[in-house]
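> Take this structure first; my questions come after.
The values are calculated or read from the model by the stated rules, or taken from the named source; none is laboratory data. Since this is a predicted model, take the numbers as computed values, not measurements. All Cβ positions, even for glycine, are placed from backbone atoms using ideal geometry, and neighbour counts span all protein chains on display.
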């Protein structure tokens, strides 16, 4: 059964409460991954991007974190995605993220 992350789930607020401005977008994505992990979710995709671009947008599928100790065992999929965008400013990146 595919899980839907409900509108009132605390992970939604935790994601949108992360800082907006970052030195590098990869650091923002690491922080977002940690927030997801604290709430029992992981990215289902491997994040890969070139931070030399002026702007970027990606959608990452989410899974529930596995309860197994096997690193190759994944948890159940969800219907939600992490939407991750950035725009490069003069000295930093403006990052927007939310769960769909």
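> Which ranges mark the strands (runs of 3 or more DSSP E) fully within the chain that have 2 or more residues being touching a residue at least 40 places away in the same chain (Cβ under 8 Å)?
Numbers: elements: 41-43, 55-64, 77-88, 93-99.
Because the criterion is at least 2 residues that are touching a residue at least 40 places away in the same chain (Cβ under 8 Å), the strands (runs of 3 or more DSSP E) in the chain that meet it are 55-64, 77-88, 93-99.
> Of all residues in region 63-100, which are closer than 22 Å to residue 10 by Cβ and in contact with a helix residue (DSSP H, G or I) (Cβ under 7 Å, 6 or more places away or on another chain)?
Listed by number, the residues that qualify are 65, 82, 84, 95, 97, 98, 99.
> Step by step: first the residues of region 20-58, then only those that are modelled with pLDDT of 80 or more, touching a helix residue (DSSP H, G or I) at 6+ places or on another chain (Cβ under 8 Å) and closer than 13 Å to residue 85 by Cα, then the one that is surrounded by the most Cβ atoms within 10 Å (Cβ to Cβ). Which residue is that?
Looking at the filtered set, the residue picked out is 32.
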